[in-house]
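What follows is a single structure, written as structure tokens, with notes after it.
The values are calculated or read from the model by the stated rules, or taken from the named source; none is laboratory data. Bear in mind that the values here come from a model prediction, so they are computed numbers and not experimental data. All Cβ positions, glycine included, derive from the backbone under ideal geometry; neighbour counts span all protein chains shown.
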């Protein structure tokens, strides 16, 4: 994480002053919307990509977005720039839904993502988002206690996979009970 004062705010990056050092973080349009004006305090989840000729720092408003970035750069021929372009086109929730439903057109709307790349992203990541069952990642549209509990775990920073694993075998009729059971199961 990088926490400090926003020194520069541009369409593709921000500079955050933390303990007297300016950190340049490439950001998606989605994260940039959550970055306050210059002079205000910000906390960004960060990921460092090490190359032979550069150290590139990427910043994200939420852990969920950073987790999606990491999944995207794990796909063959998808680098950090393409991953940021994909993340710029939708919220993490909408992107996860598009992946679960196999919506390649949504991915192709991002600059630098052609048909083959979109198909590769869907093929590799769709199983991680519920496969043919997009309901597993739908958020905020259900009164089902298990769905609400899963949403709560996602808001607490758990990945969709971790939330599903923690809720396996959880018992209770209310989301609060399911979350309590899941958090107990998460303790070492």
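Per-structure values
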item: Lone unmet requirement of (1) more than 16 Å from residue 5 (Cα to Cα); (2) in a strand (DSSP E or B); (3) touching a residue at least 40 places away in the same chain (Cβ under 8 Å) for residue 45; result: (1)
item: Selected residue (criterion: modelled with the highest pLDDT) from residues of the range 118-144 that are closer than 10 Å to residue 96 by Cβ and in a helix (DSSP H, G or I); result: 125
item: For residue 66: the one exception among (1) out of contact with any helix residue (DSSP H, G or I) (no Cβ under 6 Å at 6 or more places or on another chain); (2) free of Cβ contacts under 8 Å to residues at least 24 places away in the same chain; (3) surrounded by fewer than 18 Cβ atoms within 10 Å (Cβ to Cβ); result: (3)
item: Residue check, residue 7 surrounded by fewer than 16 Cβ atoms within 10 Å (Cβ to Cβ), in contact with a helix residue (DSSP H, G or I) (Cβ under 6 Å, 6 or more places away or on another chain) and either modelled with pLDDT of 95 or more or not assigned by TED's automatic domain parsing to the domain that holds residue 163 (or both); result: no
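Residue-by-condition table, conditions (1) within 17 Å of residue 29 (Cα to Cα); (2) in the same structural domain as residue 155 (by TED's automatic domain parsing); (3) in a helix (DSSP H, G or I); (4) in contact (Cβ under 8 Å) with a residue 40 or more places away in the chain:
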position	(1), (2), (3), (4)
77	no, no, no, yes
82	yes, no, yes, no
86	yes, no, yes, no
94	yes, no, yes, no
98	no, no, yes, no
106	yes, no, yes, no
116	no, no, yes, no
